[in-house]
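The values are calculated or read from the model by the stated rules, or taken from the named source; none is laboratory data. No experiment lies behind these values; they were computed from the predicted model shown. Cβ placement follows ideal geometry from the backbone for every residue including glycine, while neighbour counts extend to all protein chains displayed. SASA here: full protein model, heavy atoms, side chains in, ligands and nucleic acids out. Shrake-Rupley method; radii C 1.70, N 1.55, O 1.52, S 1.80 Å.
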Amino acid sequence: MLMLTLVQILQVLLNVVWWVIIIQFVLSLLVTFNVVNMQSNFVRSLYMGLDKLTEPMYRPIRRILPQTGGIDFAPAVVLIGIAILTIILNNVAASVVMGGV
């Protein structure tokens with residue numbers, strides 16, 4: 001049961017990270033297209049806070065990926081990694097439930 005609980009906690013944390021990346025992506029698009037104004041303290045604080053949360057995940061990926069101009073593929077790579085980890089955790093959970101571990 002402990003193993004299943006740990007897997008479920010990891011799944012929740014991965015889900016939170018997924019949503020943080022999606023929210024950061026949408027906010028960056030809104031800022032880029034000048035839909036929201038960075039002069040607002042709330043928007044600037046939210047943008048900078050999300051950037052500080054996600055930058056440690058993106059930095060190693062950006063070192064590996066080739067330069068593509070203005071397009072940053074690091075968030076997509078992280079989201080794919082999260083999807084793969086979720087599949088692995090689901091299989092581990094199924095194995096635990098079936099009595100394999």
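Listed by first and then second residue, the pairs linking a residue in region 36-65 that is over 24 Å from Leu13 (Cβ atoms) to a residue that is open to solvent by 70 Å² or more (accessible area, probe 1.4 Å) and in a helix (DSSP H, G or I), with Cβ atoms under 6 Å apart and 6 or more places separating them unless they lie on different chains, are Met38/Arg44. As a summary of the residue check, Ala74 satisfies the conditions (1) open to solvent by less than 70 Å² (accessible area, probe 1.4 Å); (2) more than 17 Å from Val26 (Cβ to Cβ) except for the one numbered (2).
Residue-wise test of (1) in contact with a His (Cβ under 9 Å, 6 or more places away or on another chain); (2) β-branched (Val, Ile, Thr); (3) within 23 Å of Trp19 (Cβ to Cβ); (4) outside any helix (DSSP H, G or I).
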| position | (1), (2), (3), (4) |
| --- | --- |
| Arg44 | no, no, yes, no |
| Met48 | no, no, yes, no |
| Thr54 | no, yes, yes, no |
| Pro60 | no, no, yes, no |
| Thr68 | no, yes, no, yes |
| Val77 | no, yes, yes, no |
| Ile84 | no, yes, yes, no |
| Ile87 | no, yes, yes, no |
| Val96 | no, yes, no, no |
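In region 1-23, the condition of being more than 28 Å from Asn90 (Cα to Cα), open to solvent by 100 Å² or more (accessible area, probe 1.4 Å) and part of a loop (DSSP other than H, G, I, E, B) is met by no residue. Take Val26 and decide whether it is over 30 Å from Met1 (Cα atoms) and not in a helix (DSSP H, G or I). When the stated conditions are applied, Val26 does not pass them.
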